[in-house]
1. Take the conditions crowded, with 21+ Cβ neighbours inside 10 Å, modelled with pLDDT under 90 and of a type outside the set (S, T, N, Q) and apply them to A:G252. Does it pass?
2. Only residues that are touching a helix residue (DSSP H, G or I) at 6+ places or on another chain (Cβ under 8 Å), at pLDDT 85 or above and within 14 Å of chain A (Cβ to nearest Cβ): list them for segment B:120-154, please.
3. Does B:S222 satisfy being within 11 Å of chain A (Cβ to nearest Cβ) and modelled with pLDDT under 95?
4. Looking only at segment A:67-117, count how many residues are outside any loop (DSSP other than H, G, I, E, B), within 20 Å of the chain's Cα centre (by Cα) and on the phi < 0 side of the Ramachandran plot.
5. Identify, from the list A:L220, A:L196, A:L242, A:L277, the residue that is in contact (Cβ under 8 Å) with a residue 12 or more places away in the chain, out of contact with any Ser or Thr (no Cβ under 6 Å at 6 or more places or on another chain) and not assigned by TED's automatic domain parsing to the domain that holds A:V13.
6. Which of the following residues is touching a Cys at 6+ places or on another chain (Cβ under 8 Å) and more than 10 Å from chain B (Cβ to nearest Cβ): A:H292, A:H247?
7. Looking for whichever is in a helix (DSSP H, G or I) and within 14 Å of chain B (Cβ to nearest Cβ) here; the options are A:N145, A:N126. Which one fits?
Amino acid sequence: MEVILSVNNLKAVYLVREGTIKACDGVCFDVEENTVSAIVGESASGKSTIIEAMTLTLPPNSKILEGEVIYKGKNLLNLSEHELRKIRWSEIALVPQSAQQSLNPTIKIIDHFFDTIYAHNNWKNNEIIKKAEELISLVRLDPKNILYSFPHQLSGGMKQRVLIALSLIFNPKILILDEPTSALDVLTQAHIIQLLKNLKKEFNLTLIFVTHDIAVAAELSDKIFVVYAGNIVESGPTREVLKDPKHPYTQGLVNSIMSLTSDLEKIKGIPGDPPSLLDPPSGCRFYPRCPHVMEECKREKPKNYFINENRRVACHLYK
Amino acid sequence: MEGSVLELENVTKIFSRGYFKKRYVIALENIDLKINKQDRWAIIGESGMGKTTLARIACLLETPTYGRIKWFGRDISILSKKELSDLRTKVQYVHQDPYASLHPSRNIYSTLADPLRKNNSIRGKGIEKRINELLNLVGLTPPSYFLNKYPHHLSGGGRQRLAIAKALTVNPEILVADEPISMIDMSLRAIIIQILKILNKELGLSIILVLHDIGAARFFASDGGKIAILYGGRIVEKGESDEIINNPLHPYTQTLISATPISDPDLAQRKKLPELKSYEPPKRELGQRLCPFSHACLYSQDICFVENPVLQKINDKHEVACFFWNKIPKWTPPWSMQ
């Protein structure tokens, strides 16, 4: 399959009073067309930073140090604001985290559609209403009702669906979602997963989503990127990575999931705490918690080693 | 097993809302729950189903609108202030958010030493010894390294361990934990659950764990624990953990299990979305009699909308509140082979 988006050596930091938080440290990955990629990591592992850096939506106290994000032969990080506007939403759309806060509480849902379309295009009003109704019914909501409600009248799952509908206005090629199912009930979560699966088929979308829940990644994704302390430690097809994890962190993570189908005898957390990204450990960032730690892990940052064509592990064990 | 240590009899909690307090929310309705010594209970419910209210009422952080609460076989409403305050230390509560439940300007030593001084007779060297014991118990080792640390030096998992240690200072017999793993890192969640299990098995504490994650509840309640499923403020199903997980009888429990994502990629591919008539949360007027799940249930019939189903005993290990539990199709896990 063709690579549609390629991220190379992306480094981003947050500048805070205590120093710099190295939240995204040399991240490389490729996304193939019409696949679902999951970026999985714990809280504060830098998983949201990766997609915010890719889409240039980082908060003001942050800085992208180096790296490139190649889309259609162009490096997004070098584009001017004007050129970027043409790509945003119409080619690459982003559904931000916390759907609860992403909608403007003072205007109705239909006005969100108007505002968005006015900012990008000049469609006629009745065209906009038609499109909005079409999209809202696509995400299985009732357009007559929803479009004329205010955000506070909707439940969390409805708001998440409205945001997904909004993101699809200009038929983007790539849809990036930050934690699409967190803070939702189990049933709503199952619905959103199903919805995203259907949308992917219907629109030939390429989905990239961030989650902390491996079970969600297992249900939805084709490819998985495991993030630990700002690095991608392992990547590959979801099935292979979860069935036969190679990196000690992924192994620990897979064993720590308390899923309904996991083996009760094997469930075990990873001892130790995730490192502070203000002052991450030298060498491999996982070494203080790693059961297979060697001398060289403390000194040297592991390179990416290919296990097979699709699978990559950043660990000295696989040299 | 000797008598119950905590008993809720017919507990109902109604919150009134709005400017004139004319709008009512029924948070809990007719809850009967009996917790024996050394029991391990997982209470499962989605948001808004009343699980936090249940935990708070069990600890007397909230008073029930109707109903009776018994601690160690004694009705707490007729106890004197003195008796109640003596009993209070026996029932401790672990809060959901370890970032808010610990005093930020107190180090670990003083967080643990104060309740020890106030409630126990130990003094001087004994206090340090007990703190070391507690920190070892919850896995903050070596204790000497942690004594002078402040909560902000700890990660979410570390804070939650400290919160558990804090609850243990007064030698409780019952621990009620409200979603203790929802705010902490994934890789540490299993550890916290493991600690609670060890407290139950080795120290003989009765533990009530309130959760929304049925997978974590299964791990917590495995081998000998019990599970209660809350929906719309009522217990719809309760019993031994293995029974509930492997043979759920209430349509809601079945839906919940089918909807929960599973981590095995092969099995996950086989799953289908559970079908329901409606995906709205339950709504009910004050005094209305109905099954809270009737509006969404595929099998609901006329009686479900006019009568309250009560918990009926299926066998020693299993109780379910559904009129048609033996008439609905037999349940198979959605990931099993067809």
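1. No.
2. Passing the criteria: B:V138, B:G139, B:L140, B:F146, B:K149, B:P151, B:L154.
3. yes
4. The initial filter retains those residues of segment A:67-117 that are outside any loop (DSSP other than H, G, I, E, B), namely A:67-71, A:74-78, A:81-88, A:92-95, A:99-102, A:109-117.
Filter once more, keeping what is within 20 Å of the chain's Cα centre (by Cα): A:67-71, A:75-77, A:84, A:87-88, A:92-95, A:99-102.
From the residues that got through so far, the ones that are on the phi < 0 side of the Ramachandran plot too are A:68-71, A:75-77, A:84, A:87-88, A:92-95, A:99-102.
Residues in segment A:67-117 being outside any loop (DSSP other than H, G, I, E, B), within 20 Å of the chain's Cα centre (by Cα) and on the phi < 0 side of the Ramachandran plot: 18 in total.
5. It is A:L277.
6. On the way: A:H292 fails: touching a Cys at 6+ places or on another chain (Cβ under 8 Å).
The unique qualifying residue is A:H247.
7. A:N145
Residue-by-condition table, conditions (1) in contact with an Asp or Glu (Cβ under 6 Å, 6 or more places away or on another chain); (2) assigned to a loop (DSSP other than H, G, I, E, B); (3) over 21 Å from B:G158 (Cβ atoms); (4) not aromatic (F, W, Y):
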position: A:A218; (1), (2), (3), (4): no, no, yes, yes
position: A:I224; (1), (2), (3), (4): no, no, yes, yes
position: A:T250; (1), (2), (3), (4): yes, no, yes, yes
position: A:N255; (1), (2), (3), (4): no, no, no, yes
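The values are calculated or read from the model by the stated rules, or taken from the named source; none is laboratory data. Remember, predicted model here, so these are calculated numbers, not experimental data. Here the Cβ is made from the backbone with ideal geometry for all residues, glycine too, and neighbour counts use every protein chain on show.
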